[in-house]
Amino acid sequence: MRRTSRRLGRQLSKRLSRRGSNNKKQGPPEEVLLELDRSKHVVRFKGVSLAHVCAVLDEVRSGKAAPGVRVLVAKRDLAKDVWAGRAFRDDGFVPYRKSGELQEYDEADVEERPREDWTIADVCDFVIIPRVTEGERFYTEALPEEDVGEPFQGAFVSQARSCRFADLVTALEQHYQGRDPRKCFVWLDLFCANQPRLLTEDESVAEERAALLTSGFHVAIEWFDERLFFFDSWSKPKPLTRAWCIWEIFGAIQAGKSMTVIYPTGEEDQFIEALVEDFNAATLAISEMQPQEAECFSPKDLEMIQEAVETSVGWPRLKSMVVAQVVAWLHEATERLAEGRWGEETRANADFLNHAGLLMNSADKRAVALKYYERSREIYVKVHGGEDHPSVAATLGNMAVVYEAQGDLRKALETYQRSLDIDVAAYGTEDHPSVASTQYNMADCLEKMGDLARAQDLARKALRTWQ
């Protein structure tokens with residue numbers, strides 16, 4: 001196992017170095033096709049059209065797909081292999097359960113999952129697999145030719161099966177907004193793998209599956225037009241808790257290819273709420289993502305994945321790349337929403353723009369941060385009927401921080417002083433935490449300007465307040 005993961009890293013590096021610098025997309029070389037041929041009976045790397053994926057969602061919602069089927073979720077452990085949270089059919093059929101159907105359960109121990117909330121696993125187990133079980137064929141073999149892409153056409157899509165299928169589809173629709181869904185192709189394992197064969201215990205299938213999972217996926221990921229990683233949440237994405245999703249991210253890194261994180265509708269609003277409510281908590285949630293703690297049903301698979309990451313790119317680099325993608329999305333969402341809400345003159349929007357400025361400044365986008373701060377200040381002044389309000393003072397203090405970072409110390413000091421004067425007048429004393437924060441920032445600015453006496457005096461005042 002240890003030798004396999006190290007050898008895999010070397011093989012992928014060699015493949016990458018042999019690729020030319022021609023910008024025109026070329027098909028995989030013969031050695032790559034031979035590698036993928038080892039698993040051709042369990043997976044094919046032709047995607048399905050986004051139009052078809054959307055049609056499946058419509059069928060699930062309407063009841064046309066899996067007619068009459070109700071998905072139940074165990075509220076407690078019902079058997080050794082039917083744990084709390086596991087889904088099964090209302091007739092007692094439990095997917096992948098070797099011990100057969102679940103014979104007895106109390107209605108109080110289960111809850112029905114609405115079709116709108118069916119997970120990717122539910123759609124695979126109760127819609128896709130029943131359609132292709134007979135003959136152990138690929139799902140794509142039954143689709144019209146126009147709904148199946150060419151090899152490696154479109155996007156390789158990584159996702160965790162515990163996520164809502166509807167969320168995945170809406171995220172894909174957002175990503176391809178403005179394009180013809182009939183001509184956008186996505187590779188999703190539930191549609192593009194031979195699900196019936198993957199369920200068999202045939203030794204030859206097990207060998208093909210092993211070849212696919214240990215190297216085939218990484219070889220294939222490199223050759224798709226793009227790599228999309230679906231996260232169901234901006235703060236606690238389920239895919240980062242699943243080791244095979246980490247393996248796919250690792251594959252993109254090893255191949256030196258870009259990856260794009262996509263999110264479902266509503267995540268932007270969730271982020272904005274968190275940003276306004278508690279800026280520090282919102283940004284901390286991103287840094288606390290721990291992909292190295294991802295889990296896997298198979299201990300051997302988990303060991304292989306952890307070994308491969310640790311002996312090549314390492315967990316810190318993998319985490320930094322994931323966080324960078326999340327942060328990039330947050331910045332884009334923030335800028336898009338800020339522009340859309342620019343004319344809204346409410347306290348809530350002023351709060352949002354102020355915190356959006358904090359986010360932009362943390363990303364060294366200082367011109368954008370100043371733009372948001374200034375608009376936030378304008379709204380606060382209008383809402384509160386003048387500048388004499390702590391919210392105005394806080395925004396001015398944030399602007400001063402940016403001026404100081406830009407090296408305009410005189411303007412920074414003047415702006416700090418405006419903020420300080422407003423707070424002292426508003427609170428009626430210098431003995432207040434907000435006043436102390438501004439005094440301490442002014443002290444730092446004065447020190448840079450060479451005025452050490454005033455800097456020390458203000459720093460002492462601030463420390464006395466905080467004690």
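The values are calculated or read from the model by the stated rules, or taken from the named source; none is laboratory data. Because the structure is predicted, anything quoted here is derived from the model rather than measured. As a convention, Cβ positions derive from the backbone with ideal geometry for all residues, glycine included, and neighbour counts pool all protein chains shown. Protein only, heavy atoms only, side chains kept; ligands, DNA and RNA dropped before computing areas. Shrake-Rupley method; radii C 1.70, N 1.55, O 1.52, S 1.80 Å.
Summarise the long-distance tail of P(r) for the chain by giving the % of C-alpha pairs beyond 41 Å. Intermediate results must be reported in sequence, preceding the final value.
Working: 37151 of 108811 pairs.
In whole percent, the long-distance tail amounts to 34.
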Using θ = phi - 60° and the Karplus form 6.51 cos²θ - 1.76 cosθ + 1.60, what ³J(HN,Hα) does each residue of segment 308-324 get, whole Hz, x for Gly and Pro?
-> 5, 5, 5, 9, 10, 6, x, 5, x, 5, 4, 4, 4, 5, 5, 4, 4
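With r as the distance between the Cβ atoms of Ser162 and Gln467 and R0 = 41 Å, compute the FRET efficiency 1/(1 + (r/R0)^6) and round to 0.05.
Numbers: r = 49 Å, r/R0 = 1.20.
It comes to 0.25.
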Value at 222 nm in deg cm²/dmol, rounded to 500, when DSSP H runs of n ≥ 4 in the chain each add -39,500 (n - 2.57) | -17000 deg cm²/dmol
Residue span Gln406 to Glu150: 0.36 nm per residue of separation minus Cα-Cα distance leaves a gain in nm of 87.1 nm
How large is the dipole of segment 231-293 about the Cα centre if only Lys and Arg carry +1 and Asp and Glu carry -1, each at its Cβ, rounded to the nearest 20 debye?
-> 440 debye
Angle in degrees between helix 409-427 and the longest Cα principal axis of the chain, rounded to the nearest 10 | 80 degrees
Set the Förster distance to 22 Å, then compute FRET efficiency between Lys448 and Arg366 from the Cβ-Cβ distance, nearest 0.05.
-> 0.85
Label-reachable residues, segment 43-66, where backbone N falls under 19 Å from a point 7 Å from Arg182's Cα toward its Cβ | 47-59
Calculate, in nm to one decimal, what Ala328 and Lys75 gain on full extension: separation in residues at 0.36 nm each, minus their alpha carbon distance.
-> 87.3 nm
When ranked by the protection proxy of mean other Cβ atoms within 10 Å per residue, highest first, what sequence do the peptides 333-340, 156-163 form?
-> 156-163, 333-340
Calculate how steeply helix 267-277 sits against the longest principal axis of the alpha-carbon atoms of the chain, using the helix alpha-carbon long axis, and give the answer as 0 to 90 degrees to the nearest 10.
-> 30 degrees
Yeah, segment 340-467 with a ≥ b ≥ c from its alpha-carbon gyration tensor (a/c under 1.5 is rounded, else prolate when a/b outruns b/c, oblate otherwise) is oblate
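Ranked highest first by the average count of other Cβ atoms within 10 Å around their residues, in what order do 65-78, 347-360, 111-124 fall?
Numbers: 65-78: 16.4, 347-360: 22.1, 111-124: 18.6.
Most protected by this proxy first, the peptides run 347-360, 111-124, 65-78.
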Which angle from 0 to 90°, rounded to the nearest 10, does the C-alpha axis of helix 243-254 make with the longest principal axis of the chain?
-> 80 degrees
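Order 246-256, 274-284 from most to least packed using the mean count of other Cβ atoms within 10 Å. Don't skip to the answer; put the middle values down first.
Numbers: 246-256: 22.3, 274-284: 15.4.
My ranking of the peptides, most packed first, is 246-256, 274-284.
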Carbon and sulfur %, accessible surface of the chain computed with the full protein complex present, 1.4 Å = 47 percent
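Solvent-accessible area per residue for the chain at a 1.4 Å probe radius, Å²?
On the way: 22820 Å² over 467 residues.
Normalised by residue count, the accessible surface of the chain is 49 Å².
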For the residue pair Asp90 and Glu288, what label-to-label distance in nm results when each label sits 7 Å from Cα along the Cα-to-beta-carbon direction?
-> 3.9 nm
Within the chain, percent of DSSP bridges classed antiparallel, to nearest 5 = 60 percent
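Multiply the residue gap between Glu344 and Lys236 by 0.36 nm, knock off their C-alpha separation, and tell me the result in nm, one decimal place. Provide the component values of the computation, followed by the final result.
Details: separation 108, 0.36 × 108 = 38.88 nm, distance 3.02 nm.
Between Glu344 and Lys236, full extension yields an extra 35.9 nm.
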